[in-house]
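The next block holds one structure in the form of structure tokens; read it before the comments.
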Amino acid sequence: MVSTTKIKSVDFYRKIPRDLTEASLSGAGLSIIAALAMMFLFGMELSTYLAVTTQTSVVVDNSTDDDFLQIDFNVSFPALSCEFASVDVSDVLSTNRLNLTKTIKKVPIDPHLRETGEEYHPTPDSDLINHGDEHHDDNTYASMSLNGAIFDRISHKYGPENDGRVLLGSVDCTEEPSLCTKDDHGHQEHDSYHGNRDTESLLKMVEELLRPIKKFDGTTNHAASSIRKAPVSGGCRIEGYVRAKKVPGELVISAVSGSHSFDASRMNMTHFVNHLSFGRLISDRLLTDMKRLLPYLGLSHDRLNGKWFVNEGKFAANVTIEHYLQVVKTEVVSRRFGQEHSVIEEYEYTAHSSVAHGYYYPVAKFHFDLSPMQVLISENPKSFSHFLTNVCAIIGGVFTVAGILDSIFQSTYGIMKKVELGKNF
């Protein structure tokens, strides 16, 4: 058995009997100062331990092929009717989605961007071409060149007797002579109208074709209610989101109709961008909870918000307004317990806008190009062992320094007393 006496021999903290110690005012004051210094340094160390340091680096984007990019937008067009507004998305991989409607909301507005009615919902027969979310090749007669085969197919499928509509088309007889063949009486085989080609004469012909047609309930179809003219005024606020692959592409807002003809010289694609962002929106609550990240996030994710893009000047006709957006992904990663967790993922972009004068129908284009690199912000919290080591160093260091100062003070005080009494050292 090891005796307690031998165990006591390794005591580093041997006790001095209280009767052999002497308290002093200087020692008490120094002890209070040392205690306050310990508390202050402990608070500073605790604050440093709780604070998370960040490290910014640029790495290759690790997105997979299955990742899609969400594009949120809210754009107002004072001179584009909701009846004709179409949202299309395409990319360099030949993916084309036309006239998206599932995630898009269209609201009529006036020239001052104020709402004039409820959300616009197209009727089933409001347009000859109804694309939906994917491109359908069966309903594209309005964009095809007429030839003999196509003419016969359309004439049997569409017409006043079948769906109450009259389709108008033009043919170049030098390229399609089969549609311009004349009989013995000088009439063309496919030609059923021989009057003037002005607007009033054509409308009168359409009314005459529609007047005798009976509705399904047996009543006469009035031409006045059947001929739907294009609205002469009104704008549209287009809002919603689309999903696109993370490759260069474009979001196009244009006027599309299979039942109307447009005068490109009078189309105005002036618009006001209420909101345009990429990726999922970061809630204000999340940003408030993570104030430490504000210097790194939210600086360029809405670069176009609140800006007008006006089509005016001497080149105002046939003007397409284009926006070139270069998008960079920013991701915040937190390391806790040796594992990485993605906290926030945001997309910021730079924007350059221009107007282009062309010969086709004017549109509003938003070209987007994603960078192959991403900004990675890593949060690196301090370990608890490091914090504990620093606390011990603070307590021990302050205690030791205070003891040294007290010893120096006591020695100096003793020497001064001896000098006053005239004693030798």
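Please treat every number below as a calculation from the coordinates, not as lab data. Everything numeric in this text was worked out from a predicted model, so none of it was measured. No Cβ is skipped: glycine too gets one built from the backbone with ideal geometry, and neighbour counts run over all protein chains shown.
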Here, chymotrypsin sites (Phe, Trp or Tyr not before Pro) of region 355-408 satisfying both criteria (DSSP loop; at most 10 other Cβ within 10 Å) are Tyr359, Tyr360
Summed over the other residues with a beta carbon less than 15 angstrom from that of Asp198, with K and R at +1 and D and E at -1, the charge totals 0
Checking rank on 77-85, 197-205, 90-98, with mean other Cβ inside 10 Å and highest first, the result is 77-85, 90-98, 197-205
Of 251-264, 320-333, 29-42, ordering from highest average Cβ density within 10 Å down gives 320-333, 251-264, 29-42
Output for region 358-425: trypsin sites (Lys or Arg not before Pro) sitting in coil per DSSP, at most 11 other Cβ within 10 Å, listed by number, reads Lys423
Output for region 1-65: trypsin sites (Lys or Arg not before Pro) sitting in coil per DSSP, at most 10 other Cβ within 10 Å, listed by number, reads Arg14, Lys15
Going through Lys102/Lys307; Lys246/Lys307; Lys105/Lys329; Lys106/Lys329; Lys102/Lys365 one by one, the pairs whose alpha carbons sit over 23 Å apart turn out to be Lys102/Lys307; Lys246/Lys307; Lys105/Lys329; Lys106/Lys329
Amide H contacts under 5 Å for Arg303, restricted to residues at least 5 apart in sequence or on another chain and with H modeled in the peptide plane, are Tyr349
